[in-house]
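Here is the structure we will look at, set down as structure tokens.
Each value in this text was obtained by applying a stated rule to the coordinates, not by laboratory testing. Keep in mind that what you see is a predicted model, and the values were worked out from it rather than measured. Cβ placement follows ideal geometry from the backbone for every residue including glycine, while neighbour counts extend to all protein chains displayed.
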Amino acid sequence: MSNLEKNTVKRVVQGLSDLDLATTVQDLGEASAPAAALGVDVGAMVQTLVYSVGNRYVLVLIAGGSTCQEDQLSRAFGLDGSVVRPTGDLVRAVTGFSIGGVSPVGLVAKLPVAIDGNLKKYEKIYVSAGDQACVFESNMDELKKLTGGVVSYAVAK
């Protein structure tokens with residue numbers, strides 16, 4: 001079965017269609033280095049991370065190769081409480097996706113989103129599309145529009 005036939009990827013494709021975004025989900029297959037397979041800088045690959053801040057789950061979209069600044073998440077989201085990285089099972093329950101394939105489109109529940117401002121330096125960025133082997137092309141303006149996310153330079157370094 002092709003990765004594009006997986007239900008999680010189909011959910012992303014449907015979500016993109018529902019948002020009237022004419023972008024195609026690409027299956028990178030067995031590529032061990034997705035940025036190299038696409039011919040782009042690793043920073044153009046968006047990492048979608050899930051955290052709980054207090055009693056809320058949140059998504060943080062950061063440039064590939066960057067590290068999330070967990071100590072800044074409470075402030076970035078305007079939430080109080082401890083910042084915790086949930087288990088794979090919790091990530092799947094909260095998003096409908098497995099770690100490595102979490103997409104900000106097609107989530108099973110709406111989550112607050114913070115977007116790493118460093119992604120602005122890339123004309124094209126590549127976002128996970130429901131499977132670790134699948135991505136869709138986007139840009140910063142489109143990513144803000146489709147996620148309703150807040151841009152922050154403090155969430156990643």
Residues of type lysines that LYS10 reaches as a straight line, Cα spacing below 24 Å, ignoring anything fewer than 8 places off in the same chain: LYS110, LYS124, LYS144, LYS145
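DSSP loop trypsin sites (Lys or Arg not before Pro) in the stretch 70-151 with at most 10 other Cβ atoms within 10 Å of their Cβ, which ones?
Details: sites: ARG75, ARG92, LYS110, LYS120, LYS121, LYS124, LYS144, LYS145; in loops: LYS110, LYS124.
Those satisfying the criteria are LYS110.
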The chain, dipole about Cα centre (Lys/Arg Cβ +1, Asp/Glu Cβ -1), debye to the nearest 20: 340
Total charge dipole magnitude, the stretch 23-100, about the Cα centre, Cβ charges on Lys, Arg, Asp, Glu only, Debye to nearest 20: 220
Average Cα contact separation per residue, the chain, under 8 Å, 6 or more apart, as relative contact order %: 29
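Taking only DSSP H segments of four or more residues, each worth -39500 (n - 2.57), what value at 222 nm results for the chain once the sum is divided by all its residues, to the nearest 500 deg cm²/dmol?
Working: 5 runs with 38 residues, N = 157.
Mean residue ellipticity, 222 nm, calculated: -6500 deg cm²/dmol.
Which GluC sites (Glu not before Pro) does the stretch 1-94 hold that lie in a coil by DSSP with at most 12 other beta carbons within 10 Å?
On the way: sites: GLU5, GLU30, GLU70; in loops: GLU30.
Counting only loop positions with at most 12 other Cβ atoms within 10 Å, the GluC sites (Glu not before Pro) in the stretch 1-94 are GLU30.
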Long-range Cα-Cα pairs in the stretch 7-68 (distance over 15 Å), rounded percent: 68
Residues whose placed amide H lies under 5 Å from that of ASN139, excluding near-sequence neighbours: ILE125
Helix 7-18 axis, angle to the chain major axis (alpha carbon atoms, nearest 10°): 80
Loop GluC sites (Glu not before Pro), the stretch 88-157 (other Cβ atoms within 10 Å of the site Cβ: 15 or fewer; DSSP): GLU123
For the stretch 51-130 and the stretch 6-20, distance of Cα centres in Å: 19
Label-point separation in nm, ASP18 to GLU142, each point 7 Å along Cα→Cβ: 1.9
